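Below you'll find the structure, written out as structure tokens, and then a few comments.
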Amino acid sequence: MFALLIAASLLGTMLFVSIVILPVAFGELTKEVAGKFVRKLFPVYHIVLFIASQVVGILAFTPHLKPIAFLSGLLFALHFVFLTPAINFASDTQNTQRFKNLHRLSVLVHVTVMVLYAFALCVDACFY
């Protein structure tokens, strides 16, 4: 039961950051300040999402939630270790095309995880 609550919280957090936090930051702050904010936010965000996903994977009792949680945790860890620094480097060196491509990959990772968690939660709601 706790795994489902944590998974739902993960999905809610990801949606809130994507739909509220980031648009407000980039809409109301200067590009420079918003960039600094995101550089502080995302490392902590990915660590928290990684840890929470691993906890879900450990506590999950349904056969589909466990692998989804562990896969999501792996994706967040890889994002933290490789993708975030690469995005920051592309931004720092003003390599616009590389930044756009890496940013698209980051968005794809997050959307994929959100879809996977939404799927797992819907299956649990319907069948368990």
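Laboratory data are not the source of any read-out in this text; all were calculated from the coordinates shown. Computed from a predicted model, the values in this text were never measured in an experiment. Backbone-built Cβ (ideal geometry, glycine too); neighbour counts: all protein chains shown.
Ordering 58-64, 75-81 by mean Cβ neighbour count within 10 Å, with the highest value first, yields 75-81, 58-64. Remark on Leu29: its backbone amide H falls under 5 Å from none of the residues 5 or more positions apart or on other chains, H modelled at 1.01 Å from N. With kT/(6 pi eta Rh) evaluated at 25 °C and eta = 0.890 mPa s, and Rh the Kirkwood radius from Cα pairs, the chain diffuses with a coefficient of 160 µm²/s according to Stokes-Einstein. With q set to 0.19, 0.25 Å⁻¹, the log10 of I(q)/I(0) for the stretch 1-75, from the Debye formula over equal scatterers at the Cα positions, is -0.76, -1.05.
If you take the alpha carbon atoms of the stretch 63-103 and fit the smallest convex hull around them, that volume is 48 Å³ per residue.
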